[in-house]
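The values are calculated or read from the model by the stated rules, or taken from the named source; none is laboratory data. None of these values were measured; they are calculated from a predicted model. Note: ideal-geometry Cβ built from the backbone for every residue, glycine included; neighbour counts use all protein chains shown.
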4 protein chains.
Amino acid sequence: MTLTIGIDVGGTKVAGGVVDETGKVLVHARRDTPAEDVAKTRDVITDLVSELAAGRSIEAVGVGAAGWIDASRSTVLFAPNLAWRDEPLRDYVSNKSGLPVIVENDGNVAAWAEFRHGAARHADDSMVMFTIGTGVGGGIVLGGELVRGAHGIAAELGHMLTVPDGHQCGCGRLGCIEQYASGSALVRFARAAARQEPNRAAALLELAGGEAEAITGPMVTAAAKGGDPVSIEVFAQVGRWLGTSLADMAQILDPQVLVVGGGVIEAGDLLMGPTRRSYLESLAQRSRLPVAEIRPAELGNRAGVIGAADLARRM
Amino acid sequence: MTLTIGIDVGGTKVAGGVVDETGKVLVHARRDTPAEDVAKTRDVITDLVSELAAGRSIEAVGVGAAGWIDASRSTVLFAPNLAWRDEPLRDYVSNKSGLPVIVENDGNVAAWAEFRHGAARHADDSMVMFTIGTGVGGGIVLGGELVRGAHGIAAELGHMLTVPDGHQCGCGRLGCIEQYASGSALVRFARAAARQEPNRAAALLELAGGEAEAITGPMVTAAAKGGDPVSIEVFAQVGRWLGTSLADMAQILDPQVLVVGGGVIEAGDLLMGPTRRSYLESLAQRSRLPVAEIRPAELGNRAGVIGAADLARRM
Amino acid sequence: MTLTIGIDVGGTKVAGGVVDETGKVLVHARRDTPAEDVAKTRDVITDLVSELAAGRSIEAVGVGAAGWIDASRSTVLFAPNLAWRDEPLRDYVSNKSGLPVIVENDGNVAAWAEFRHGAARHADDSMVMFTIGTGVGGGIVLGGELVRGAHGIAAELGHMLTVPDGHQCGCGRLGCIEQYASGSALVRFARAAARQEPNRAAALLELAGGEAEAITGPMVTAAAKGGDPVSIEVFAQVGRWLGTSLADMAQILDPQVLVVGGGVIEAGDLLMGPTRRSYLESLAQRSRLPVAEIRPAELGNRAGVIGAADLARRM
Amino acid sequence: MTLTIGIDVGGTKVAGGVVDETGKVLVHARRDTPAEDVAKTRDVITDLVSELAAGRSIEAVGVGAAGWIDASRSTVLFAPNLAWRDEPLRDYVSNKSGLPVIVENDGNVAAWAEFRHGAARHADDSMVMFTIGTGVGGGIVLGGELVRGAHGIAAELGHMLTVPDGHQCGCGRLGCIEQYASGSALVRFARAAARQEPNRAAALLELAGGEAEAITGPMVTAAAKGGDPVSIEVFAQVGRWLGTSLADMAQILDPQVLVVGGGVIEAGDLLMGPTRRSYLESLAQRSRLPVAEIRPAELGNRAGVIGAADLARRM
């Protein structure tokens, strides 16, 4: 049985694991991310690789990170949460570890993990995944392969136009889906609702110590599950927007399955119900035809390690 | 040298041609479409095939038609301009002609033609094409192959959401791009503008005999080329919307090249200028990275015959 | 006690009444509207006036009609449902009846009736009323007087912009509130929802004999009251849009009270609940300040007669 | 001839003047605003009043300030740029000066000045004014009187909904006109355009020392006047939005005249042209009827002093 290592470089933690070909994580390790320091971040990665590889026969290493990766999967062109700019990460890790290395965008890694070993493992050809974190990431699989793009930057699903002249996105455009169907949007909607209707949002505000500005995503999830009407509506609002973008993906790519991942899916049907409703309404024309089912992701925050390791296996 | 036949079934004409492997149309023929009569439409196709095949060694036949084609490329599930419903067109034509047959959606056919022999022939991997006719069709090539979708219905680019709660689309959804960047939209915008500002639109109205309701797409093109300010603005309006959808495709698929086809491109830079401007504005974030160039289609209305014939060659 | 006559000219019926100064309708009469015939419509009005005036001491006559009335309240410039164009209605009725006559827009008449004797009778200074029929009409009272406008055409509240580039309005503009918060919009939303989700909309579809296209406004009201989820959502949708326009009126005019009238208010809290919620959300900034309360109209279809008669009294 | 004093309390300067009944400013004075200090700001006002009143027979004092004024025009409920909260300004200034005092919102003051002595002085009944500064203020005159609202807060024209789910406004709502047609919006649009197309925006960027983030409103005006295409487009963009809101005011209030004031009007036809075009397009339905003309304000930054003084005269 061959083993590979997957590394998931986040803004606060670097996670790593030794993964077998069934997607099982045999060993797991984790370090803090020294995000502002390029050299230290590289060293945390190589330390983690050597720790995980010690005493094992490892075939290859996959590294996933938020950011733009060049088309050859060797260089991180830009990473929003890290100091990396045109960072030749593949060669650095490969030289240090003596192993073949692949670098991949985190949204692609998560999608690949779900396609191979998670919510879309029954699909053999195509899937699209939205990862709803602070922002919105994406990954696309067609013909059994990740769609990486001519310049390496495909599946930037968070920056599809949703509301012309809408809310300013960090990318400079007005009205990207990331401003309406992300964790940040969920919190923004919830804070606004709590300021406007403090009495109706009493349960949510209590979790936040009475301060609308202190509301976080997990608080909205907890309050929604407890029946707080404002939190339930906020998830429905996010779900409506998300459903329209999923419908766009069905129109454009007609995949076998659509997957939604990220912390927000802990809200379960409070998010997925409105999402599916909006999706089906948007696809009115297709009511006579089969369309992709929407599934919640299954691998949680292990997807980064599993997907990176599996991509390494396929080099 | 092998030859194949391409058939392009439109709402008013059925065109056919014998095409060689360089995309050259050696013989061309054309018939009226008896659109309301399922059996007669089939017979026009088979007559045309036997006429074109007579005395030649033909390898295969490709048929392109507006509509939804099933995933096996044999059955027309639904054709908006014809009476076909679940029509087993492939077997019918194959039985009559004794040749292998493939059936394909017209947007896909046009995209394939441009990818192989037209505006995107320099691309070896990926392209996305918008065909702007009465409606908006699309075709996507990735990894050197058409993206057909898990249910056969990919690349329905006309039905991406553009304006939430916007103009009612024939598909039942509000605000599809087809309502803002199609030939119908161009005419709708032009008529509205001519009603509102008859003096400024004098040149356009003169072409239409003074009647705003009589304005057609070719009139808008002619007037715009002649300097009519209202017609120029109307093309700019369509171009702005089109540019945002092209930007969405760059974000989602990051193809090598983007192609715009259909009758509207006869307006040249009057359409393509505002389209490119809007596209680049929408991709602000990517200004540091290379993005796909937007090119006008090159094959005009021969794309249907050329693309269908080339797809037949690849069966 | 002085008496006046109010005439309410609708597209299908002409209603008339003798009204006292408390707003009580002492006698009521009604005729069919010969809508396509200018002369006959005038005669129905004058016949009705002479019937109602017979044997009574009448001071004046007020006539309300859908359409644009000139600033002197004597001429109907344009009536969408009748053949009148620049019709000098005041002088005609006055000459025939020997009584002073005033002509007023129907939205203004209804608003005046509610201000004087209906939902806003406690207000002494200002109110704004939206009348939600097939379209959206309006009336504004400020300083205890109707706002008629410099050219006689104020309070065309149905044509405030709501969705830029939105659904085409009959007025030529895209995205007027009339396309989102009218009876027609309610029916359009309901039909679309029933086509998309026939199972969920079963109760509504049953009322319409199984045909989405046969759904009418009263059916949606009946189904919503009976618990049909699709009909309930459709009223909520209309209410959300209506609430945003009511909020605009609070921002612009800060009236004492806002009134919503028309057939849709029979849905009660199914409409008014979402309307009020949307209104308060839109006025987030004002949460520290008092704002106008939203009330349902109280006079129903008698408002036209009562308001016209009361305006006549005040000439 | 009677004289009154007008005081214009801005975020950085307090201006004052002695004004005669023709609107002429006989004496003018100005101080810095100690914005963060409630007591000092009051004292600057009373010092200025006593300086201006010295040796003259003054009838009354008018004070204009950004913020919400209570319905009795005595208390500043909230002032966005000053520390005032429920500040009983009228009584304070009246007690110190021994003169009658009126306090009024700055948008209302400017509108009143233009109605009486500026761009709308030919109107005897009604006008609506938009003041385009950092934000968007407004003032409405109907029946020859300012519309102050039942709770004192009418004419908050900056907070009309323009883009549903649009750009976040400081008021908590998404998509207010203030986010699209204000000086801040102009600068936001210009900076975004300069980042995206630095070459086309070269002239503008040169004024800003090469830094998009250093672009200010006056720079955009100067560059537009000098022919910079990006700056010209940015004014056109603001004008298009402004025109739709002016059209809404024509639909709602049908005033005699519409006035646009604020620093942006220095751009002249570069702003007013697109504004008028958008206004007329939005009023398509009314093409057969007269509508209010749009005029640029004439009194510039003296409007605050002149309007406040004139309102004081009318107590």
Take A:G137 and tell me if it is under 24 Å from B:P290 (Cα atoms) and in the same structural domain as A:V260 (by TED's automatic domain parsing).
yes
Which numbered condition A:G217 misses (of (1) out of contact with any helix residue (DSSP H, G or I) (no Cβ under 9 Å at 6 or more places or on another chain); (2) in contact (Cβ under 8 Å) with a residue 12 or more places away in the chain)
(1)
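On the basis of being more than 19 Å from the chain's Cα centre (by Cα), within 14 Å of chain A (Cβ to nearest Cβ) and surrounded by fewer than 17 Cβ atoms within 10 Å (Cβ to Cβ), does B:R85 make the cut?
yes
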Please go through (1) crowded, with 20+ Cβ neighbours inside 10 Å; (2) more than 13 Å from every other protein chain (Cβ to nearest Cβ); (3) more than 30 Å from B:A250 (Cα to Cα) for A:V230 and return the number of the only condition it doesn't satisfy.
(2)
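Which residue, of D:R288, D:R276, is in contact with a strand residue (DSSP E or B) (Cβ under 9 Å, 6 or more places away or on another chain) and within 12 Å of chain C (Cβ to nearest Cβ)? Break it down stepwise before answering.
Details: D:R276 fails: within 12 Å of chain C (Cβ to nearest Cβ).
From the options D:R288, D:R276, the qualifying one is D:R288.
In region B:98-210, which strands (runs of 3 or more DSSP E) lie fully inside it and hold 2 or more residues that are within 8 Å of another protein chain (Cβ to nearest Cβ) and hydrophobic (A, V, I, L, M, F, W, C)?
Values: elements: B:101-105, B:127-132, B:136-142.
Strands (runs of 3 or more DSSP E) meeting the threshold: B:136-142.
Does D:G170 satisfy the criteria of being modelled with pLDDT of 95 or more, out of contact with any Leu (no Cβ under 9 Å at 6 or more places or on another chain) and surrounded by fewer than 20 Cβ atoms within 10 Å (Cβ to Cβ)? I'd like the intermediate steps shown before the answer.
Working: modelled with pLDDT of 95 or more: no; out of contact with any Leu (no Cβ under 9 Å at 6 or more places or on another chain): yes; surrounded by fewer than 20 Cβ atoms within 10 Å (Cβ to Cβ): yes.
It is false that D:G170 is modelled with pLDDT of 95 or more, out of contact with any Leu (no Cβ under 9 Å at 6 or more places or on another chain) and surrounded by fewer than 20 Cβ atoms within 10 Å (Cβ to Cβ).
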Contact list, first residue from region C:295-315 and under 20 Å from C:R30 (Cα atoms), second anywhere and of a type in the set (S, T, Y), beta-carbon distance below 7 Å, six or more apart or interchain, is C:A309/C:T4; C:A312/C:T4
Restricting to region C:281-315, what's the tally of residues that are crowded, with 18+ Cβ neighbours inside 10 Å and farther than 16 Å from C:V63 by Cβ?
13
Extreme residue, farthest from the other protein chains (Cβ to nearest Cβ), among residues of region D:247-270 that are farther than 14 Å from D:L142 by Cα and among the charged types (D, E, K, R)
D:E266
Region B:233-246, residues that are away from chain A (no Cβ under 14 Å) and surrounded by fewer than 24 Cβ atoms within 10 Å (Cβ to Cβ):
B:E233, B:A236
Exactly one condition in (1) in contact (Cβ under 8 Å) with a residue 60 or more places away in the chain; (2) touching an Asp or Glu at 6+ places or on another chain (Cβ under 8 Å); (3) surrounded by fewer than 23 Cβ atoms within 10 Å (Cβ to Cβ) is not met by D:G149; state its number.
(3)
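So which of B:A208, B:A194, B:A224, B:A181 ends up being aliphatic (A, V, I, L, M) and surrounded by fewer than 21 Cβ atoms within 10 Å (Cβ to Cβ)?
Result of the check over B:A208, B:A194, B:A224, B:A181: B:A208.
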Among (1) surrounded by fewer than 19 Cβ atoms within 10 Å (Cβ to Cβ); (2) within 15 Å of the chain's Cα centre (by Cα), there is one condition B:D106 misses while meeting the rest; what is its number?
(1)
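Given the options D:K96, D:K13, name the one that is surrounded by fewer than 21 Cβ atoms within 10 Å (Cβ to Cβ) and out of contact with any strand residue (DSSP E or B) (no Cβ under 9 Å at 6 or more places or on another chain).
Values: D:K13 fails: out of contact with any strand residue (DSSP E or B) (no Cβ under 9 Å at 6 or more places or on another chain).
The match here is D:K96.
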Failed item in (1) in a helix (DSSP H, G or I); (2) within 19 Å of A:G152 (Cα to Cα); (3) not charged (D, E, K, R), with A:V93 passing the rest:
(2)
Set D:A155, D:A120, D:A202: member being within 29 Å of A:C176 (Cβ to Cβ) and either crowded, with 19+ Cβ neighbours inside 10 Å or at pLDDT below 95 (or both):
D:A202
I'm trying to understand the selection: among the residues of region D:95-145, which are under 24 Å from C:D125 (Cα atoms) and hydroxyl-bearing (S, T, Y)?
D:S126
